[in-house]
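A short write-up of the structure that comes next.
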């Protein structure tokens, strides 16, 4: 009975603290990393345990039910898809792909052994046949370097891109790259630096020759769609704080400093996107690897102008990461649009061994 009481009440306390602390302190990072489904599954498992604790049955069942009610919104269960059917696509609808390539054509999943080829990488992109591609991690990485900021380095595959996508406009800033065969009206990289604490604003020495790898996590490209200008926010947010969970520091920084940096730069990136959207009169699409699961309060920082388009997915529990041998339990890739953008189809596609992220494919119109 004591174990039942500790389990039911303890989990309820965790859920309440999660509401209060998620996205407010990097110290809560390990709890943020729980698989979202746990916020629904744990109280469901606790209910029969509470029922068996007869002297305290009513109170413990109540605690488990309250934890379920408070946690279900964090679970990632896509209830909206049950009652929603996307509208049929018009003839002039536009197909969009957004994908974290996991450092472009570099194979990082097989202990350094390159099992995929550059040709296979470009074939996969072409097979999706999109009008707009919002791609992340246009770079390669050297994991052997001690300084993590020095690990990602620039690449130049302009020739390969032009050969693979004739007639497309290529827009690249930092590690984000947007390709489109539609007319481009303009573009700009969004600067997260003004939203960082003063001590984190300087670009790390290892990145002085490629400062956008640090300063910018979103690329805005204004594209003409169905006669309307639509702003596409190609967004790739820094990974969440994980070092405290792993109990791992670097030679030059402890785990608390590393997690604080990731926490602050993630917040700054969301603020930069929201600030740009606030002054942008165009219709908008914000999509990409936000490194943010449904159980993280950081999603509350998404601009009020945007709506989550998860209802257009057919899956009741959509997941996008990690693709590979590990359990696929998290959704960290998203699609948000202004309400005047219609989403007619939305799918998550396996990357054929080319990345640890699924690709997002969706069809939209701007009537």
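Side notes on the structure shown:
- For the range 81-103, the criterion of being free of Cβ contacts under 8 Å to residues at least 60 places away in the same chain, touching a strand residue (DSSP E or B) at 6+ places or on another chain (Cβ under 7 Å) and surrounded by 13 or more Cβ atoms within 10 Å (Cβ to Cβ) is met by at least one residue.
- Residues that are assigned to a strand (DSSP E or B) and within 17 Å of residue 302 (Cα to Cα) were ranked within the range 323-350; the one that is nearest to the chain's Cα centre (by Cα) is 333.
- For the residues 34, 68, 52, the requirement of being outside the structural domain of residue 354 (by TED's automatic domain parsing) and modelled with pLDDT under 95 singles out 52.
- Here residue 194 fulfils each of the conditions (1) modelled with pLDDT of 95 or more; (2) more than 24 Å from the chain's Cα centre (by Cα); (3) over 20 Å from residue 288 (Cβ atoms) apart from (2).
- Selection count where residues are within 21 Å of residue 221 (Cα to Cα) and assigned to a strand (DSSP E or B), scope the range 150-174: 5
- Among the numbered conditions (1) over 24 Å from residue 34 (Cα atoms); (2) in contact (Cβ under 8 Å) with a residue 12 or more places away in the chain, the only one that residue 281 does not meet is (2).
- Between 27, 45, 15, the distinction of being closer than 12 Å to residue 295 by Cβ and either surrounded by fewer than 17 Cβ atoms within 10 Å (Cβ to Cβ) or in contact (Cβ under 8 Å) with a residue 24 or more places away in the chain (or both) belongs to 15 only.
- Exactly one residue among 340, 308 is in contact with a strand residue (DSSP E or B) (Cβ under 9 Å, 6 or more places away or on another chain), surrounded by fewer than 18 Cβ atoms within 10 Å (Cβ to Cβ) and without any contact (Cβ under 8 Å) to a residue 40 or more places away in the chain, and that residue is 308.
- Scope the range 215-230; condition surrounded by 21 or more Cβ atoms within 10 Å (Cβ to Cβ) and under 11 Å from residue 366 (Cβ atoms); matching residues: 223, 225, 230
- The requirement of being in contact (Cβ under 8 Å) with a residue 12 or more places away in the chain, assigned to a loop (DSSP other than H, G, I, E, B) and buried (at least 20 other Cβ atoms within 10 Å of the Cβ) is satisfied by residue 319.
- Residue check: residue 57 meets all listed conditions (1) out of contact with any helix residue (DSSP H, G or I) (no Cβ under 7 Å at 6 or more places or on another chain); (2) free of Cβ contacts under 8 Å to residues at least 24 places away in the same chain but one, namely (1).
- For the range 123-138, a residue qualifies if it is surrounded by 14 or more Cβ atoms within 10 Å (Cβ to Cβ) and part of a loop (DSSP other than H, G, I, E, B), and the qualifying residues are 130, 131, 137, 138.
- Some residue of the range 234-243 being crowded, with 23+ Cβ neighbours inside 10 Å, in contact with a helix residue (DSSP H, G or I) (Cβ under 6 Å, 6 or more places away or on another chain) and under 24 Å from residue 171 (Cβ atoms): yes
- Residue check, residue 177 part of a strand (DSSP E or B) and in the same structural domain as residue 343 (by TED's automatic domain parsing): yes
The values are calculated or read from the model by the stated rules, or taken from the named source; none is laboratory data. Computed from a predicted structure; not experimentally measured. Every residue, glycine among them, receives a Cβ derived from its backbone with ideal geometry; neighbour counts consider all protein chains shown.
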